[in-house]
């Protein structure tokens, strides 16, 4: 089984890029390098190798380091085919059904539109890790900048179907503010209450809240629970269409 080491790299204000190292072959990739310098500093400390750049979507805070890193290290850039015209220096466009290899580590591409029209995620099943950009956050989800509630709810259901043990590596350190909002719509949820306390403890000590565990998200993240009767009742929408419930929660978060 491939062994994939993941290292968080804080970039910009609150973004995370992720360094991937395949321990079997020594190949190295990076997910969503929003800027080059912090990534290059980490790479130089580890031997100065970069084979792959993986982009989940076209936003500048996820692709801003593409050009400089590719030029410096000769890395190939992989990203969503549907956004190929909007991603700098893209070498290979991919979509659901495609796979990427970081050495011996095999990642499946998942189409997860909603935040952007062509957003993708990378799921490394053997390693149990998901890189989901700005689709799913710890205790949250991305804003619907280009997609519809139907699209985003479908994308979130797709991610929710992955194993509970999946570790979620998302695009931003938003968890503390997400927890505060989640408590306004699902405040009686004991799993959410405990999760929010853990998040506060982590942030007070300066620790990241990522990776998150999908099993806990399924029980606490309101955006994954739009079809759950207890959440629907809590916001006064008992028995409603989950898409409508999701849209209501997303709208409340936008105004929060």
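The table that follows gives values for the structure above.
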{"item": "Answer from 12, 43, 50, 8 - the residue that is touching a strand residue (DSSP E or B) at 6+ places or on another chain (Cβ under 9 Å) and closer than 30 Å to residue 147 by Cβ", "result": "8"}
{"item": "Among residues of segment 193-218, those that are more than 26 Å from residue 10 (Cβ to Cβ) and buried (at least 17 other Cβ atoms within 10 Å of the Cβ), counted", "result": "1"}
{"item": "Residue count for segment 74-88, restricted to those that are surrounded by 21 or more Cβ atoms within 10 Å (Cβ to Cβ) and either outside any strand (DSSP E or B) or touching a helix residue (DSSP H, G or I) at 6+ places or on another chain (Cβ under 8 Å) (or both)", "result": "5"}
{"item": "Qualifying residue in segment 164-173 (condition: more than 23 Å from residue 6 (Cα to Cα), modelled with pLDDT of 95 or more and not in a helix (DSSP H, G or I))", "result": "no"}
{"item": "Options 97, 93, 47: the member that is surrounded by fewer than 21 Cβ atoms within 10 Å (Cβ to Cβ), modelled with pLDDT under 95 and not in a helix (DSSP H, G or I)", "result": "47"}
{"item": "Test: residue in segment 182-199 that is touching a residue at least 60 places away in the same chain (Cβ under 8 Å) and touching a strand residue (DSSP E or B) at 6+ places or on another chain (Cβ under 8 Å)", "result": "no"}
{"item": "Yes/no for residue 62 being buried (at least 18 other Cβ atoms within 10 Å of the Cβ) and in a loop (DSSP other than H, G, I, E, B)", "result": "no"}
{"item": "Restricting segment 148-158 to residues that are in contact (Cβ under 8 Å) with a residue 60 or more places away in the chain and either in contact with a strand residue (DSSP E or B) (Cβ under 8 Å, 6 or more places away or on another chain) or buried (at least 20 other Cβ atoms within 10 Å of the Cβ) (or both), the residue that is nearest to residue 4 (Cα to Cα)", "result": "156"}
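The values are calculated or read from the model by the stated rules, or taken from the named source; none is laboratory data. Since the model is a prediction, treat every value here as computed from it, not as a measurement. Backbone-built Cβ (ideal geometry, glycine too); neighbour counts: all protein chains shown.
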